[in-house]
Amino acid sequence: METNLQKRRENKKSLRVKVISLGNAEVGKSCIIKRYCEKRFVAKYLATIGIDYGVTKVQVRDREIKVNIFDMAGHPFFYEVRNEFYKDSQGVILVYDVGQKESFDALDIWLAEMKQEIGSHSNMENIVFTVCANKIDLSKRRVVDESEGRLWAESRGFHYFETSAQSGEGISEMFQAFFSSIADMCENGGRRPVSGVNVGFTREQADTIRRIRSSKDSWDMLGVKPGATREEVNKAYRKLAVLLHPDKCVAPGSEDAFKAVVNARTALLKNIK
Ligand code: GTP
Ligand code: MG
């Protein structure tokens, strides 16, 4: 009797989860996992062939979690192998190399591949995502800054961590937060808790900052047609200033975006009579 009760308690406390790693080839997916599980770093590049599988046990609060890790190959050649493994994942580690813009831009493509394989958008809502901006030890070659990566991740409700598999920086913090959110999700009946990642800014603010970063000139930045009047420029400026003012907006990169908008308005008004 007592042993049954004990067993049931233990069952309630132990969990089995599946996590996968995604991202372009050579960004450091396998090294991040190796750093966490084996506490070591291998400098030589050994491309993952198709998929690597490993199991680890972690403790989150009073629960023991058995984690099945499927480490995917990033090379397009292995698509046919990895597409089988997207289903039934509770967590996804998305990795890019901060020294390679292309690997950052590819995150959208990885999400699209996953969405296609698991078949329904709603399934994506109940998965914990964590983004690793990896290889931060190579600071001289860095091209994707923190605010850009953080904005991409947090505006989607994903965790964001700056990591280095080489030095170990950020790795255990990333896994701790990741597993803790997965445990929260399991306790929440398999749904990602709404407050999983408390972003504190709106999708509109995030999209506006992204649009400003990629605008081609001052007209484009303010969202007015070339040749617009002073009134139109000021109206567009006021709208953006309210949205992005540093006192109101905590989104990563909002301060730079706000300054850029101020400068764009000044430049345009100089040339409008
Ligand atoms: P695929 O399996 O081909 O998809 O690649 P991957 O994403 O698993 O990359 P992997 O972990 O094999 O690492 C690729 C290369 O980057 C290796 O030479 C690693 O030593 C190196 N590397 C990985 N992480 C870091 C890091 O944080 N800093 C530095 N300096 N090098 C890293
Ligand atoms: Mg690999």
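Amide H contacts of V95 (H built 1.01 Å from N, in plane; Pro and chain starts excluded): L22, G23, C132 sit under 5 Å, all sequence-distant by 5 or more or on other chains. Backbone amide hydrogens, once placed in the peptide plane, bring V128 within less than 5 Å of G91, V92, excluding anything fewer than 5 places away on its chain. Between the amide H of I65 and those of L15, V58, Q59, V60, distances stay under 5 Å, these residues lying 5 or more places away or on another chain, with hydrogens modeled in the peptide plane.
Name the most mobile residue of D88, D105, D247, meaning the one with the largest mean-square fluctuation, in a Gaussian network model of the chain with Cα contacts below 10 Å. Of the options given, D247 has the highest mean-square fluctuation. Quick check: from the Cα gyration tensor, does the range 23-170 come out rounded (a/c under 1.5), prolate or oblate? Judged from the Cα gyration tensor, the range 23-170 comes out rounded (a/c under 1.5).
Got a sec? How would D97, D256 order by Cβ neighbour count within 10 Å, fewest to most? Present the calculation step by step, with values, prior to reporting the outcome.
Details: D97 24, D256 16.
Taking fewest neighbouring Cβ atoms as first place, the list is D256, D97.
Here the Karplus curve 6.51 cos²θ - 1.76 cosθ + 1.60, taken at θ = phi - 60°, turns the phi angles of the range 73-79 into couplings of 7, x, 5, x, 3, 9, 3 Hz, with x standing for Gly and Pro.
When each of L138, L151, L15 is scored by the number of other beta-carbon atoms lying within 10 Å, the sequence from fewest to most is L138, L15, L151.
Here is the link list: K140/K225; K115/K235; K115/K135; K225/K259. Which ones come out longer than 31 Å on Cα distance?
K140/K225; K115/K235
A simple count of charges around P246, restricted to other residues whose Cβ falls under 14 Å of its Cβ and scoring Lys, Arg +1 and Asp, Glu -1, yields -1. Here the Karplus relation 6.51 cos²θ - 1.76 cosθ + 1.60, evaluated at θ = phi - 60°, turns the backbone of the range 106-113 into coupling constants of 6, 4, 4, 5, 5, 5, 5, 4 Hz, with x for every Gly and Pro. Karplus-derived 3J(HN,Hα) values for the range 239-255, using 6.51 cos²θ - 1.76 cosθ + 1.60 with θ = phi - 60°, are 4, 5, 5, 5, 5, 10, 3, x, 6, 10, 10, 9, 5, x, x, 5, 5 Hz; glycine and proline are entered as x.
Per-residue ellipticity at 222 nm computed for the chain from its helices equals -13000 deg cm²/dmol, with DSSP H segments shorter than 4 residues left out and the rest contributing -39,500 (n - 2.57). The residues packed around G157, meaning those with a beta-carbon under 14 Å from its beta-carbon, carry a net charge of +2 if Lys and Arg are +1 and Asp and Glu are -1. Using a Gaussian network model of the chain in which every pair of alpha carbons under 10 angstrom is joined by a spring, one finds that among V42, V261, V27 the greatest mean-square fluctuation is at V42.
Since every read-out is calculated from the coordinates, none of them should be taken as a lab result. None of these values were measured; they are calculated from a predicted model. Heads up, the Cβs are rebuilt from the backbone with ideal geometry, glycines too, and the neighbour counts pull from every protein chain shown.
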